[in-house]
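Have a look at the structure below, then the notes.
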Amino acid sequence: MNRIGRRVSAAVNPVSTAVTRWWCHSARRHMLTGYEPTARQRQLIRRGTIQEADFTPSAEQLRARAEAIDELPARDGHGM
């Protein structure tokens with residue numbers, strides 16, 4: 001890898017790592033995807049505070065997620 005490539009990688013890698021870390025621990029990720037428990041829930045599961053780790057979303061939660069996803073384009077100014 002040439003010198004320019006190494007400099008670009010050195011600049012991009014910390015940003016990429018920070019964004020990935022934020023996304024993995026984000027409650028927004030859980031709200032939008034509904035996938036896996038949130039970081040807080042994982043912590044409670046590890047401590048044994050939550051015994052039953054059943055995170056099946058209710059119909060109300062699914063509706064709220066769908067509404068949140070529908071609002072994203074409008075919030076970003078890219079309305080549909």
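Each reported figure results from applying straightforward, stated rules to the coordinates on display, with no laboratory input. Computed from a predicted model, the values in this text were never measured in an experiment. Positions of Cβ are backbone-derived with ideal geometry, glycine not excepted, and every protein chain shown enters the neighbour counts.
Worth pointing out:
- Set of region 17-47 residues, backbone N closer than 19 Å to the point 7 Å along the Cα-Cβ line of Glu67: 28-34
- Debye-sum result for region 3-75 in log10 I(q)/I(0), which assumes one identical scatterer on each alpha carbon, at q = 0.22 Å⁻¹: -1.00
- Rounded to the nearest 20 debye, dipole of region 3-75 from Cβ charges on Lys, Arg, Asp, Glu: 700
- Local electrostatic count at Arg42 - Lys and Arg +1, Asp and Glu -1, tallied over other residues with Cβ under 13 Å: +3
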